[in-house]
1. Hey, any idea what % of the stretch 13-123's accessible area is carbon plus sulfur with a 1.4 Å probe?
2. Non-local amide H neighbours of residue 88 (under 5 Å, H modeled in plane, Pro and chain starts lacking H): which ones?
3. By how many nm would the segment from residue 72 to residue 123 grow when fully extended, if each residue of separation counts as 0.36 nm and the alpha-carbon distance is taken off?
4. I'd like the Karplus ³J(HN,Hα) series for the stretch 162-176: coefficients 6.51, -1.76, 1.60, θ = phi - 60°, whole numbers in Hz, and an x wherever there's a Gly or Pro.
Amino acid sequence: MNRIPLAAALLSMVVSSPAIAQTATVSDPVSDFLPSFTGVVSPDVDVTSFSVSLNPAATTFSLGAVFAGDINRSLTGFYVIGVNTGTGTLHPFGAIGEPNVAFNQAILVQKDGTATLGANSLTVLMSGNQFIVDVPVLLLPSTGATPANYGFNIWPRDPTGAGLGAFSDFAPNNALLSVNGILPVPEPASWMMMLLGFGMVGGALRFGQRRKRVMAQLA
């Protein structure tokens, strides 16, 4: 199979579009395996780059990953891309130093070049040490965020590891990536303050509207 550089594939996607896609990329150090990782140490479970691109019509995400070595189909393992569409109710990685990796949906990319999101098959371009998977936005319905603010994180998984020890690397580290860049994940208390703030703003707007109606009646 011919090696197709990830950057060239993303560039082709952008050039073929009538407008410019929104794209963000994060680099990850080589050989930064988690201390907790107990699976097989291999270059193809060591992320060195992760990209998120949203096409101009906001109908398709293209998610790209580059690894320290060619994807080895003879070794066990696969890749998980966690997606936070707003709620991010799942955040199970605090015990291994990644508490801000929150998600409510997960994309599975297999080493044989197939990918799924739930029961849905996805289109994958896999070559050498990289892949790009296209994900229709319709398969990722919002739970509060706009697509441009969805958060993504990739983590290779080697099932020979035990429990959380199966996860080798995260990109970005302890954070999420959107087309707008690195997203901080609010703590539960912060979410509560935000909700209270929205409630207060809504109450103030309603009070202001009632006051205008009363003043208009008195005029």
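The values are calculated or read from the model by the stated rules, or taken from the named source; none is laboratory data. Computed from a predicted model, the values in this text were never measured in an experiment. Accessible surface areas use protein heavy atoms only, side chains included; no ligands, DNA or RNA. Shrake-Rupley method; radii C 1.70, N 1.55, O 1.52, S 1.80 Å.
1. Working: 2790 of 4810 Å².
Answer for the stretch 13-123: carbon and sulfur cover 58 percent of the accessible area.
2. Sorted by chain and number, the residues that satisfy this are 104.
3. Stretched fully, the residue 72-residue 123 segment lengthens by 16.4 nm.
4. Once θ is set to phi - 60°, the couplings for the stretch 162-176 become 9, x, 5, x, 7, 8, 9, 6, 10, 9, x, 6, 6, 6, 10 Hz.
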